[in-house]
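J.: First, the structure itself, so that you have it in front of you.
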């Protein structure tokens, strides 16, 4: 059962939750969390989030450290890394610049990488993801995820309410809720569901929907459903 459950907002909420030792589940429906879920559905080993270079936020972020974590996971799994960056549509040079701290960390560790656009549910059409580590570099969800890790959260993950290939939005939301609950139980701490942007109705409604799903499925009472599907799509970073 979950020790406690709360909903928060923005990178500041993610950092605050991480600093209090909580697992952080980031909801960024357009597009970071949906790219993450699409990656997991396509067989990615894990998905991380990172802030873009030069982003200005009121909390600490460390995308170079996220890149180092991704490199370690790739070396452990024997795979490579797919870096997903913004802009969604635009010159590749802009994506390279945004993802530079992550790319530099991967290169320093000798881990090969591929850079693609942040296309949400369409991500699997851009790269082979099975067996690989995915890092989503974005100015909202990536920043919130990065802020949680920089604040020493024991673990973080993404969740969304958008559909991906092979799953409805309802099924995806349930997978994300179970994934987050499993992480919180594993670390024996509370869970914070964070809307990546308080200015996005998609993120805010999605975060509350995830929280309602957790309550409805009984995770606060220790009666959650089997976690097989959630474990197959963990995407966790501890």
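J.: Please state the relative contact order of the chain as a whole percent: Cα pairs under 8 Å, 6+ residues apart?
T.: On the way: 616 pairs, mean separation 90.1, N = 238.
Relative CO of the chain lands at 38 percent.
J.: OK, next. Could you tell me the center-to-center distance, by alpha carbons, between the stretch 123-160 and the stretch 5-55 in angstrom?
T.: Value for the Cα centre distance between the two parts: 6 Å.
J.: Is the shape of the stretch 1-144 rounded, prolate or oblate, going by the alpha carbon gyration tensor and its root eigenvalues a ≥ b ≥ c, with a/c under 1.5 for rounded and a/b larger than b/c for prolate?
T.: On the way: a/c = 1.43, a/b = 1.34, b/c = 1.07.
Judged from the Cα gyration tensor, the stretch 1-144 comes out rounded (a/c under 1.5).
J.: Hey, another quick one. Mind checking which of 160, 213, 34 has the largest fluctuation in a GNM of the chain, springs on alpha carbons under 10 Å?
T.: Greatest mean-square fluctuation among the candidates belongs to 213.
J.: Where does each of 204, 25 land when they are ranked from fewest to most other beta-carbon atoms within 10 angstrom?
T.: Going from sparsest to densest Cβ surroundings: 204, 25.
J.: Roughly how many nanometres apart are two label points built 7 Å out from the Cα toward the Cβ at residue 20 and residue 4?
T.: Once both label points are built, they end up 0.5 nm from each other.
J.: Take peptides 106-113, 129-136, 169-176 and line them up by average Cβ neighbours within 10 Å, highest first, as a rough protection proxy.
T.: 129-136, 169-176, 106-113
J.: What spacing in nm lies between the two simple spin-label points modelled at residue 125 and residue 201, each 7 Å away from Cα in the Cβ direction?
T.: It is 2.7 nm.
J.: Figure the gain on full extension for residue 96 and residue 186 (residue separation times 0.36 nm, minus the Cα-Cα span) and round it to one decimal in nm.
T.: 28.9 nm
J.: Also, I was wondering about something else. In what order do 168, 161 fall by count of nearby beta-carbon atoms within 10 Å, going from fewest to most?
T.: Starting with the residue having the fewest Cβ neighbours, the order is 168, 161.
J.: Calculate, for residue 208 and residue 89, the FRET efficiency according to 1/(1 + (r/R0)^6) with r their C-beta to C-beta distance and R0 30 Å; round to the nearest 0.05.
T.: Working from the Cβ atoms, E equals 0.50.
A short reminder: the numbers here are calculations on the coordinates, not readings from a lab. All figures in this text were calculated on a predicted structure; none of them were measured in a lab. So basically every Cβ, Gly included, is an ideal-geometry build from the backbone, and we count neighbours across all protein chains shown.
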